[in-house]
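Participant: There's a structure below that I have some questions on.
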Amino acid sequence: MNDYERIARVLRYLDENHTDQPDLATLARHVGLSQHHFHRLFTSWAGITPKDFLQCLTLTHAKEMLRQGKSVLDAAFDTGLSSPSRLHDLCISLEAASPGEVKSGGEGWTISVGFADSPFGKCLVGESHRGVCHLSFVDSGDKDAALEELKAQWPRAKLQRDDIAASKLVNRIFHPTTVKNSQIPLRAFVRGTPFQVRVWRALLQVQHGTLVSYGGLAATVDQPNAARAVGAAVGQNTLAYLIPCHRVIRETGAFGDYRWGRVRKRAILAWENLPRSAPKIKRSA
């Protein structure tokens, strides 16, 4: 079996079995290669990792079922995901500002901003025509400082206050299964260096209710010795919860710092790990 035949075989396998969410070991075994060799081969041929390819298949299948009228819960479990929150995670697309957009500071834009209640206290959210560009938790008395922080990110944009729209958006972010048309992907729009954007995209791959160390995240972005730089990028995230920097811990297992407070970080992680009343799915061998 040559390399092309191996890739063709695994693509056929994924097409037929992606709802089983096969892991890297299963795929490598299917074509008789070691995990390392298979990962390198697949990435060189497809341009993305096997995991990313599987997620693309999963999301495409889920969107089709949602268009057919299935509920978010049914779509999540029918595509092999562990919970509706995993489908929500896959439905977040991250777009990065171009150098020109960063330089312009949002000139000519109108950003809808507002304060709303979240499960973890008051938050400030901003949405431009490119997507959600700001989400921060706001402690009592810090509203003015939160607004100034948003203005500093997009100094030339026009800010339009709309707390009602903000409440609807926040509800969609934190309670996606209760919102009509929640199958429409959320767009996250960020400004950052190429390295920061890589780290934030990697954070979107950390599954709901799980944790990753700074070193593990560094390895994910192919910079295994850059744990400190990864930590700095995590700390610069301006989309609280949406880009889940709360799921990063220290190598020792300690929770570490969090831009919006250690207590809030613990609360979010506890909330994500609450048991959900979801049906168990028995898989055939």
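The values are calculated or read from the model by the stated rules, or taken from the named source; none is laboratory data. All figures in this text were calculated on a predicted structure; none of them were measured in a lab. Positions of Cβ are generated from backbone atoms using ideal geometry, with glycine treated the same way; all protein chains shown enter the neighbour counts. Note: areas computed on protein heavy atoms with side chains; ligands, DNA, RNA excluded. Shrake-Rupley method; radii C 1.70, N 1.55, O 1.52, S 1.80 Å.
Participant: What nm distance separates the two modelled labels at T110 and Y13, each placed 7 Å from Cα along Cα→Cβ?
Facilitator: Each label point is offset 7 Å from its Cα along the Cβ direction, giving 5.3 nm.
Participant: Here's something else I'd like to know. In the neighborhood of A232, defined by Cβ-to-Cβ distances under 12 Å, what is the net charge if each Lys or Arg adds +1 and each Asp or Glu adds -1?
Facilitator: Counting the neighbours of A232, the net charge comes to +1.
Participant: As an exercise, use a Förster radius of 41 Å and the Cβ-Cβ distance of D3 and H175 to find the FRET efficiency, rounded to the nearest 0.05.
Facilitator: With a Förster radius of 41 Å, E is 0.35.
Participant: Now for a separate question. Measure up K168/K265; K51/K168; K122/K158; K51/K151; K103/K265 against 30 Å on the Cα-Cα distance and list the ones that go over.
Facilitator: K51/K168; K51/K151; K103/K265
Participant: Over region 114-169, give the accessible area per residue in Å² for a 1.4 Å probe, as an integer.
Facilitator: It amounts to 49 Å² per residue over region 114-169.
Participant: Out of the DSSP beta bridges found with both residues in region 91-227, what percent are antiparallel (nearest 5)?
Facilitator: In region 91-227, DSSP labels about 55 percent of beta bridges as antiparallel.
Participant: In terms of solvent-accessible area of protein heavy atoms at a 1.4 angstrom probe, what is the ranking of K51, K103, highest value first?
Facilitator: K103, K51
Participant: Sort 245-252, 159-166 by the packing proxy (mean of other Cβ within 10 Å over each peptide's residues), most packed first.
Facilitator: 245-252, 159-166
Participant: Something else: Once amide H atoms are built 1.01 Å from N in the peptide plane, which residues 5 or more positions from G114, or in another chain, come under 5 Å H to H?
Facilitator: V125, D162
Participant: Next question, about the same structure. Can you give the local net charge around L27? Use residues other than it whose beta-carbon is closer than 12 angstrom to its beta-carbon, Lys and Arg +1, Asp and Glu -1.
Facilitator: Net charge in that neighbourhood comes out at +3.
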